[in-house]
Amino acid sequence: MGKAERKSTDGSVQGYVAIPTKRDGPGVLVLHAWWGLNDFFRSVCDRLATAGFVALAPDLYHGATASTIEEAKAVMSKLKQEEARDDIVKGVRALQGHPKVRGERLGVIGFSMGAYWALWLAEEHPEDVAAAVLFYGTGEAKYEKAQAAFLGHFAEKDPYESPEYVLEVEKALRTGGREVTFHTYPGTTHWFFEEDRRDAFNAAAARVAWQRTMGFLTTHLVGKES
């Protein structure tokens, strides 16, 4: 497992790749929160590789990271939407072309800002995404083309995502018969899964969310490889 720059048919994508040591497996794209591609999101890739998935986290900030909310707002404000879209698609193509990846359809896990991009990817490139996991983040409540199954993990007390809007997104995703399961974790706030966010991390909720995520990805990627 480790850092690498993968080449895709669309060019190159900068990011972190984690590969199972003894076997190949389905591919999972990891989309970081507004903090940037820090050690925590690299560790998510490592955990996925330990579980048998090939994980790639594109670096949407191209090296920049933030540790405070003020810094994160400043860095995210410089993110160019077109460039982020290109990096995400290149990440998909790099995973699909990786010799250790089984199957063309991938999983995607997005955290906060990354959840917005995970929803965008599932809608705009439905043929590439079989399973999408959202951590305390949403997007526009309009999804007509997406074909993926969706799993959502949301905080009970979240100043960034209202329960009403989360419900609206859930209803929109169910259109067309898609499988959608959203969970709300009592006593949690935004970023509850990220152990480096000491003001928000909730170990018990994070453990349950990871177990649910592993079961979901196993069902929709390992059990339904194309």
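Observations
- Looking across the stretch 141-156, the residues that are of a type in the set (Phe, Trp, Tyr) and either in contact with a strand residue (DSSP E or B) (Cβ under 8 Å, 6 or more places away or on another chain) or at pLDDT 95 or above (or both) come down to Phe150, Phe154.
- Residues that are over 18 Å from Val13 (Cα atoms), among the aliphatic types (A, V, I, L, M), surrounded by 17 or more Cβ atoms within 10 Å (Cβ to Cβ) and at pLDDT 95 or above do not occur anywhere in the stretch 86-101.
- Residue satisfying all of: in the stretch 38-53; within 25 Å of Ala200 (Cα to Cα) and either β-branched (Val, Ile, Thr) or not in a helix (DSSP H, G or I) (or both); farthest from the chain's Cα centre (by Cα) among these: Asn38
- Boolean, Thr219 is at pLDDT 95 or above, over 18 Å from Ser112 (Cα atoms) and not hydrophobic (A, V, I, L, M, F, W, C): yes
- Count of residues meeting criterion [touching a Lys or Arg at 6+ places or on another chain (Cβ under 9 Å) and not in a helix (DSSP H, G or I)] in the stretch 54-92: 8
- Considered as a group, the residues in the stretch 48-63 that are surrounded by 16 or more Cβ atoms within 10 Å (Cβ to Cβ) and out of contact with any Leu (no Cβ under 9 Å at 6 or more places or on another chain) include one that is farthest from Gly91 (Cα to Cα), and that residue is Gly52.
The values are calculated or read from the model by the stated rules, or taken from the named source; none is laboratory data. Quick caveat, the model's predicted, so the values are computed rather than measured. Here the Cβ is made from the backbone with ideal geometry for all residues, glycine too, and neighbour counts use every protein chain on show.
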